[in-house]
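The values are calculated or read from the model by the stated rules, or taken from the named source; none is laboratory data. Keep in mind it's a predicted model, so treat the numbers as computed, not measured. Don't worry about glycine lacking a Cβ; one is built from the backbone with ideal geometry, like all the others, and counts go over all protein chains shown. Quick note on the areas: whole protein, heavy atoms, side chains included, nothing else; ligands and nucleic acids left out. Shrake-Rupley method; radii C 1.70, N 1.55, O 1.52, S 1.80 Å.
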Amino acid sequence: MQELEFSAERYIDHLMACDKQAEVWSRLKLCEGEVLVLASASLEPLVAALASRLGCLYVASKLECNADRYSGRLLMDVTGKKIDFLSACIKGFSLGEVSTVVSDNLTDEPLLSLADKPVVVLNRSKDRLRWKGLEAEYLEVWR
């Protein structure tokens, strides 16, 4: 377990040093004063490392663990169920008080629809077609 957590920390170091997703980081800075919560279907060790750096709460998919070793199987997958997990895991979370949601994942459309300020990250120009009908701010990060 510790080895994977260490690797996740180093990977976050690498991403931050390479300034990956600069547009997303810049947009997040506009959320100052809001409570930041990471809700990701990515695996918990990686999301936990990022949340630690950002000083925020998180929900993430969890790996099954036996005797301090990851089995490689998912114990909990939050894909498409982030609203339920946020409600269950984050004390004080209220569906009516979601300010900004940033996502590039189509399964997050229900969460984006709750937000006062939905922000969709487009990784390729053709991704915009997937989001037709959602009124949101669009960040084009492929440029």
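Points worth noting:
- Residue in segment 47-55 that is within 29 Å of Lys132 (Cα to Cα), in contact with a Ser or Thr (Cβ under 6 Å, 6 or more places away or on another chain) and touching a residue at least 40 places away in the same chain (Cβ under 8 Å) present: no
- Leu111 among the aliphatic types (A, V, I, L, M), part of a helix (DSSP H, G or I) and either open to solvent by 60 Å² or more (accessible area, probe 1.4 Å) or touching a helix residue (DSSP H, G or I) at 6+ places or on another chain (Cβ under 7 Å) (or both): yes
- Test: Ser61 is surrounded by fewer than 18 Cβ atoms within 10 Å (Cβ to Cβ) and either of a type outside the set (Asp, Glu) or under 23 Å from Arg128 (Cβ atoms) (or both): no
- Residues within segment 78-108 that are under 13 Å from the mean Cα position of the chain (by Cα), over 20 Å from Glu137 (Cα atoms) and open to solvent by 60 Å² or more (accessible area, probe 1.4 Å), tallied: 1
- If you filter segment 116-136 down to residues that are part of a strand (DSSP E or B) and free of Cβ contacts under 8 Å to residues at least 24 places away in the same chain, you find that the one that is most open to solvent (accessible area, probe 1.4 Å) is Lys117.
- Subset of segment 73-107 (residues that are touching a strand residue (DSSP E or B) at 6+ places or on another chain (Cβ under 7 Å), without any contact (Cβ under 8 Å) to a residue 40 or more places away in the chain and not hydrophobic (A, V, I, L, M, F, W, C)): Arg73, Asp77, Thr79, Ser103, Asp104
For (1) outside any loop (DSSP other than H, G, I, E, B); (2) loosely packed, with under 15 Cβ neighbours inside 10 Å, each residue gets a yes or a no:
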{"residue": "Asp19", "(1), (2)": "no, yes"}
{"residue": "Ser26", "(1), (2)": "yes, yes"}
{"residue": "Glu32", "(1), (2)": "no, yes"}
{"residue": "Ser40", "(1), (2)": "yes, no"}
{"residue": "Ser52", "(1), (2)": "yes, yes"}
